[in-house]
Amino acid sequence: APLLTGTGITKDYGATPALRGVDLSVAEGEIVAVTGPSGCGKSTLLHCLAGILRADHGSVVFRDQNIGMWSEAARSRLRRSEFGVLFQFGQMVPELTAAENVALPLLLAGSGRREAREAALAWLDRFGVADVADQMPGAMSGGQQQRCAVARAMVTRPRVLFADEPTGALDQLNGEQVMQAIVRAVREEGTAVVLVTHEAPVAAYADREIVLRDGAVDPTGLGVGAP
Ligand code: ADP
Ligand code: ADP
């Protein structure tokens, strides 16, 4: 059975229909790209699958549990334990060092300070940014900040990583390096990934691509990389 399955997901923002019955499933360890033009509903789909937004209709099933029906508090706990969330940019807490930022999800989950710091340092090292561990985000480059954000999303060893345009704020070289770091880590950890992007080179890292147009899955499946 798939790890995560969205079925018939519908979502409106007031009068604006954002999703009109979308089906998507992700297997254990699989990287699925969600692509399509700006405004087609990619972010909304990611937010519904991650339990950040509640769909108007349809179901989101994670390990045989319909999490779409869960309370906000229960979905928040699930995100902290089983899901990792990564956005385009600017998620680092500016008042905390890189290591403190990465340790934060572990502290929230009840880890001790020393254990959380050691795990944070190990993850920063894995993403090649151990040298900025004690720097504040404001003193770091965009690429370094995003590597730290990936480390923070992975430090709890989530089963699913939700990444919304994770390289969208980076130049091509930094974007490629961050994508390679993400893919290496999720392959090692067996993490499933829902990867929202409008860029063909980013979608090319996925095992499978789902194309959205106007809030529905494009049945032709011709993605952003199609000629
Ligand atoms: P994408 O990620 O593909 O750019 P979104 O999921 O962000 O698409 O948006 C889908 C549609 O929903 C767009 O028409 C967008 O303008 C609209 N939308 C997204 N978020 C909101 C919001 N918070 N309030 C109102 N409309 C929104
Ligand atoms: P907290 O309980 O500390 O607010 P959550 O568990 O609710 O954290 O959120 C998990 C992740 O989802 C965080 O990275 C947070 O930034 C993100 N998130 C939560 N709500 C939203 C939202 N409405 N829009 C975008 N991201 C969100």
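The values are calculated or read from the model by the stated rules, or taken from the named source; none is laboratory data. Here the structure is a predicted model, which means the values were calculated and not measured. Positions of Cβ are generated from backbone atoms using ideal geometry, with glycine treated the same way; all protein chains shown enter the neighbour counts. The area values use the complete protein model at the heavy-atom level, side chains included, leaving out ligands, DNA and RNA. Shrake-Rupley method; radii C 1.70, N 1.55, O 1.52, S 1.80 Å.
Looking at the chain alone, DSSP beta bridges between its own residues are antiparallel in about 50 percent of cases.
Sorting the segments 210-221, 157-168 by their mean number of nearby beta carbons within 10 angstrom, highest to lowest, gives 157-168, 210-221.
Under 13 Å from a point 7 Å along the Cα-to-Cβ line of Asp214: which residues of region 9-34 have their amide N that close? Residues 17-20 fall inside that zone. For region 1-153, the alpha carbon positions stretch 46, 32, 28 Å along the principal axes, listed from largest to smallest.
For Ser71, put the label point 7 Å out on the Cα→Cβ axis and report which residues of region 97-114 keep their amide N under 14 Å from it. Flagged as within label range: none. Once C-alpha pairs closer than 8 Å and six or more residues apart are averaged by separation and normalised to the residue number of the chain, the relative contact order reads 29 percent. Within the accessible area of the chain, what % is carbon and sulfur when the probe is 1.4 Å and the other protein chains stay in place? The value for the chain is 51 percent carbon and sulfur by accessible area.
Helix 113-126: angle to the longest alpha-carbon principal axis of the chain, degrees 0 to 90, nearest 10? Long axis of 113-126 versus the principal axis of the chain: about 70 degrees.
Comparing Cα centroids, region 164-221 and region 92-149 end up 23 angstrom apart.
For Asp218, the residues whose amide H sits under 5 Å from its own are Val211, Leu212, Arg213, ignoring neighbours fewer than 5 places away on the same chain, with H placed 1.01 Å from N.
Taking the Cβ of Leu195 as the center, what net charge do the other residues with Cβ under 12 Å away carry, scoring Lys and Arg +1 and Asp and Glu -1? Taking every other residue near Leu195 into account, the sum is -4. Assuming charge only on the beta carbon of Lys and Arg (+1) and of Asp and Glu (-1), the dipole of region 149-196 about its Cα centre is about 280 debye to the nearest 20.
Model label sites at Ala122 and Thr16, defined 7 Å from Cα along the beta-carbon direction, differ in position by 4.3 nm. The residues of the chain have, on average, 46 Å² of accessible surface per residue, using a 1.4 Å probe with all protein chains present. Placing +1 on the Cβ of every Lys and Arg and -1 on the Cβ of every Asp and Glu, with no other charges, gives region 1-97 a dipole of roughly 140 debye about its Cα centre. Structural descriptor for region 97-166: relative contact order 41 percent, calculated from alpha carbon pairs under 8 angstrom and at least 6 residues apart. Annotation: amide H-H contacts under 5 Å for Val193 (H modelled 1.01 Å from N, sequence separation of 5 or more, or interchain): Glu30, Ile31, Val32, Leu161.
Charging the Cβ of each Asp and Glu at -1 and of each Lys and Arg at +1, and nothing else, the dipole of the chain about its Cα centre rounds to 500 debye. For region 27-140, relative contact order (Cα pairs under 8 Å, six or more residues apart, normalised by length) works out to 18 percent. Distant-in-sequence amide contacts of His57, defined by a placed amide H-H separation under 5 Å and a gap of 5 or more residues or a different chain, comprise Thr10. Relative to the first principal axis of the alpha-carbon coordinates of the chain, what is the inclination of helix 98-108, with its axis defined by its Cα atoms, in degrees from 0 to 90 and to the nearest 10? Result, in degrees: 70.
Placing a label point 7 Å from the Cα of Asp56 along the Cα-to-Cβ direction, the residues of region 11-35 with a backbone N closer than 18 Å are 11-23. Quote the FRET efficiency, to the nearest 0.05, computed for Arg114 versus Gln180 with a Förster distance R0 of 30 Å and r equal to the Cβ-Cβ distance. Plugging the Cβ-Cβ distance into 1/(1 + (r/R0)^6) gives 0.45. Report the local net charge at Ser59: Lys and Arg +1, Asp and Glu -1, summed over other residues whose C-beta lies under 15 Å from its C-beta. With Lys, Arg at +1 and Asp, Glu at -1, the neighbours total +1. Rounded to the nearest 10 degrees, the angle from helix 142-154 to the longest Cα principal axis of the chain is 80 degrees.
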